[in-house]
Amino acid sequence: MSNCEMDMPTPCPRCGVVVDLHDMASHPNEFKSLVCESCHVAIEAENNQGLAIDSYGNKIAWEYLPDEGLLEICANGENIATWLCEDDPEDSLKAFMVIWNKAQALVTSEQGGAA
Ligand SMILES: [Zn+2]
């Protein structure tokens, strides 16, 4: 038997590419599901980024870089903060959003007082 033959060719349930069952990786989110290696990487990448809207309608996009342990935060398409983050990026983002919303509340109330 040649090395390039697959023992158990199986289509990836996510993208449909046929790979050997033994080369499949676990689905990062779904217990007991398997996906191909490239889907596994893509899903992990999706898990490590997100989008939030703050109390003032600003778009906050975040991306977690697990290799560097960094959380990059962008507001309205502009990078505004890079936080060290070694555990849960969603927890760090929540902490960031508290500060972010608080600062804006101060600005708007000061402006309101002056007007
Ligand atoms: Zn796939």
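Read-outs throughout are calculated quantities, based only on the coordinates presented, and are distinct from any laboratory measurement. Source: prediction; values computed, not measured. With ideal geometry, Cβ positions are generated from the backbone for all residues, glycine too; neighbour counts draw on all protein chains shown.
Take the Cβ-Cβ distance between residue 55 and residue 29 as r, set R0 to 41 Å, and report the resulting FRET efficiency rounded to the nearest 0.05. E between residue 55 and residue 29, to the nearest 0.05, is 0.90. Projection of the Cα convex hull of region 10-81, averaged over all directions and equal to a quarter of that hull's surface, yields 6.5 nm². Restricting the GluC sites (Glu not before Pro) of region 49-97 to loop positions (DSSP other than H, G, I, E, B) with no more than 15 neighbouring Cβ atoms within 10 Å leaves 68, 86. Over all other residues within a Cβ to Cβ distance under 14 Å of residue 44, the charged ones net out to -4, with Lys and Arg as +1 and Asp and Glu as -1.
Taking amide H as placed 1.01 Å from N in the peptide plane, the amide H of residue 49 sits under 5 Å from that of 64, each at least 5 places away or on another chain.
Between residue 105 and residue 67, what FRET efficiency follows from the Cβ-Cβ distance if R0 is 35 Å, with the result rounded to 0.05?
Numbers: r = 35 Å, r/R0 = 1.00.
For R0 = 35 Å, the calculated efficiency reads 0.50.
Using a cut-off of 29 Å between alpha-carbon atoms, which lysines can reach residue 94, once sequence neighbours fewer than 8 places away in the same chain are excluded? Result set, ordered by chain and number: 59, 102. From Cα pairs below 8 angstrom and at least 6 apart in sequence, can you work out the relative contact order of region 1-91, rounded to a whole percent? Once normalised by length, the contact order is 14 percent.
Counting other Cβ atoms within 10 Å as a rough exposure proxy, the listed residues 59, 32 run 32, 59 from fewest neighbours to most.
Each Lys or Arg adds one and each Asp or Glu takes one away; over the other residues whose Cβ falls under 11 Å from the Cβ of residue 69, this sums to -4.
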